[in-house]
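Structure record follows, encoded as structure tokens.
The values are calculated or read from the model by the stated rules, or taken from the named source; none is laboratory data. Just so you know, these numbers come straight off a predicted model, no measurement behind them. So basically every Cβ, Gly included, is an ideal-geometry build from the backbone, and we count neighbours across all protein chains shown. Note: areas computed on protein heavy atoms with side chains; ligands, DNA, RNA excluded. Shrake-Rupley method; radii C 1.70, N 1.55, O 1.52, S 1.80 Å.
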Amino acid sequence: MATTTVSVRPNTYAGTAWSWITTVDHKRIAVLYFVTSLAFFALGGAEALLIRLQLSRPELDLVHPDRFAELFTMHGTTMVFLALMPLSAAFFNLLVPLMIGARDVAFPRLNALSYWVYLFGGIFLNISFIAGGAPAMGWFGYAPLTATEFADTHAVDFWAFGLQILGVSSILASINFIVTIINMRAPGMTFNRMPMFVWMTLITGFLIIFAFPVITIGLVLLLFDRYLGTSFFLYQGGGDPVLWQHLFWVFGHPEVYILILPAMGIVSDVLPTFSRKPLFGYAVVAYSGAAIALVGFGVWTHHMFTVGLGPVADTAFAISTMAVAVPTGVKIFNWIATLWGGSISLRTPMLFAIGFIAMFILGGLTGVSLGSPPVDTQVQDTYYVVAHLHYVLFGGTIFGLFAGIYFWFPKMTGRMLNEGWGKVHFWLMMIGFNLAFGPQHQLGIDGMPRRIHTYGADMGWDAWNLMSTVGAWLIGLSMLIFAINAIRSLRSGRDSGPDPWDGGTLEWSMSSPPPVYNFAEVPVVDDRYPVWKEKHGGGHTGAAVAEPPAAETAHDDDEPHIHMPNPSYWPVLVAAGMVITACGLIFHQVFLLIGALIFGISLIGWIEEPPG
């Protein structure tokens, strides 16, 4: 992409609100992703706390049954599509160019578009709360609960169109990062020298590109059933509700790995830093990630053992489910081997990384049990499945993402999070998490179904549910402590310097926060841990130069003259046009016309915009 010479300064985040709206800087877009995804994470957490409050005691009526169904649907949808995936995207934006020695991503404006589509899509999805009611059929949208017979408001339409919009954002971002990683690595940055987080980003990108078209097809057919009177998923019209389950879970199980692989990449970079030794079995960890992605496409019907596919199909998918545990187990053994014999420093990022390993092992063990059709038949649609899901996605993904937040917060902001409050956050979250979801295994074994609004006092579930609710509120308290810590640290936290952890990868070779141009001189890499090699190995790798050479200096010695892409307001207008068009498909044709005009004119403006 052609560029224009601009005057840039190291203060990456200074500027007006308009500069943030028009930004194409990957680091600023990372900040936007962080703030937005954490806001949606808080919203999803509030929905979860209301669910747990309703279930804390038998026969309570704090939340109306219809609102309860909306809460558990939107909680799952929000956490998966609006919180965890975009939080991973925030790390992709912040770190990938820095880690591979690039000055920017391959397509800066496309990167901005992916964020604005995500933001507007998330707002669009949540408008349903004030436009006749939110969807109430579960985050997986099983037919026939999505049929107009059972959902005669626009709630399901908001859900279906919203997921389509969010899918566009994910696919655009994935294409961008795949191209960036493949084409923009620094000289010497071979695939076998890439940081493990970059590896997992690359694999996640391919997973999204292959998985999301499947749910896109399913959602289009669902909208045909609702708008055009077809019967793809309606039995009375000759359709098959189980077809929706196939389409959803062909996407849905790879989605689990879309959520967990970035956290695995984070942990694979945190553990070596705080063990003071390289990652054990680098190649095995990288290729096992690819194996997880590949095998993950062949296990989807373990979500469907009770729909009557027959013993042959159940047996085949039970075997594939057990098989996917092998590359996962390989990673765990390599992480433990990395810790073995290391000079371990139990700083907050390390605590969250170790917590990730421990909780993910527990989630994996219950996953193996659910991979057995006889066991799954007994606990299907009970709280045992809820517990398993949260041990994987909360105990795994969220613990891993918080390891990354504490680890790279200094690089993003130039300030340290308070270590003492960070450890309080960790231990409260660890205790609250196990108190919240540990008892749910017993509730599932005792037969408590998922998604029920209340239960009788004679069922014997009240003590376990009360424990679970107390644990959930402890998690909420831990998140409040994190929020206070983050805000106070942003305002008055200790200056971090460029490399507070003595890190080994390229992002630790520059100032914190990084300058707009990332690297004053494109680095040359000859080691997996080039910064460690330069600091401790006695060899110069050309990792980055702190001061630019005089020939690159424009007006003074601290301000290099480097080509960077110009800001653009077209991405935000294209995203707005897309979402307004979706509103027109639900509300009134005038919105359809307005949205299409905004989208078309903005797209033409984008195409005609001078390169830069």
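A few remarks follow.
- Rounded to the nearest whole angstrom, the semi-axes of the ellipsoid equivalent to the chain, taken from the Cα gyration tensor as √(5λ), stand at 39, 30, 23, largest first.
- By the Kirkwood approach, averaging reciprocal distances over each pair of separate Cα atoms, region 277-331 gets a hydrodynamic radius of 12.3 Å.
- Helical runs assigned H by DSSP (4 residues or longer) give the chain a calculated mean residue ellipticity at 222 nm of -21500 deg cm²/dmol, each run adding -39500 (n - 2.57) before division by the residue total.
- Listed peptides 262-275, 371-384, 581-594 by packing density, highest first (mean Cβ within 10 Å): 262-275, 371-384, 581-594
- Summarised as an ellipsoid, region 235-333 has semi-axes of 35, 14, 8 Å, derived from the eigenvalues of the Cα gyration tensor scaled by 5 and square-rooted, with the largest first.
- Gyration tensor (Cα) of region 317-367, equivalent ellipsoid semi-axes in angstrom: 26, 13, 6
- Mean Cα-pair separation over length for the chain, i.e. relative contact order, pairs under 8 Å, 6 or more apart, %: 20
- Helix 196-227 vs. the chain, principal-axis angle (Cα, 0 to 90°, nearest 10): 40
- Vicinal HN-Hα couplings computed from phi for region 110-118 (Karplus, 6.51 cos²θ - 1.76 cosθ + 1.60; Hz; Gly/Pro x): 4, 4, 5, 4, 4, 5, 5, 5, 4
- Only lysine pairs 8 or more places apart or on separate chains count here, and in the chain those with Cα atoms under 17 Å apart total 4.
- Surface share of carbon and sulfur [accessible, 1.4 angstrom probe, percent] for the chain: 69
- Packing, taken as the mean count of other beta carbons within 10 Å per residue, orders the peptides 519-529, 247-257, 319-329 from highest to lowest as 247-257, 519-529, 319-329.
- For residue 53, the accessible area of its heavy atoms, probed at 1.4 Å with every protein chain present, is near 60 square angstrom.
- On Cα atoms only, tilt of 589-608 relative to the major axis of the chain in degrees: 20
- Packing, as the average of other Cβ atoms within 10 Å across residues, places the peptides 109-121, 290-302 in the order 109-121, 290-302, highest first.
- Protein heavy-atom accessible surface, 1.4 Å probe, per residue over the chain: 38 Å².
- The listed residues 21, 445 rank as 445, 21 when sorted by accessible area, largest first, using a 1.4 Å probe.
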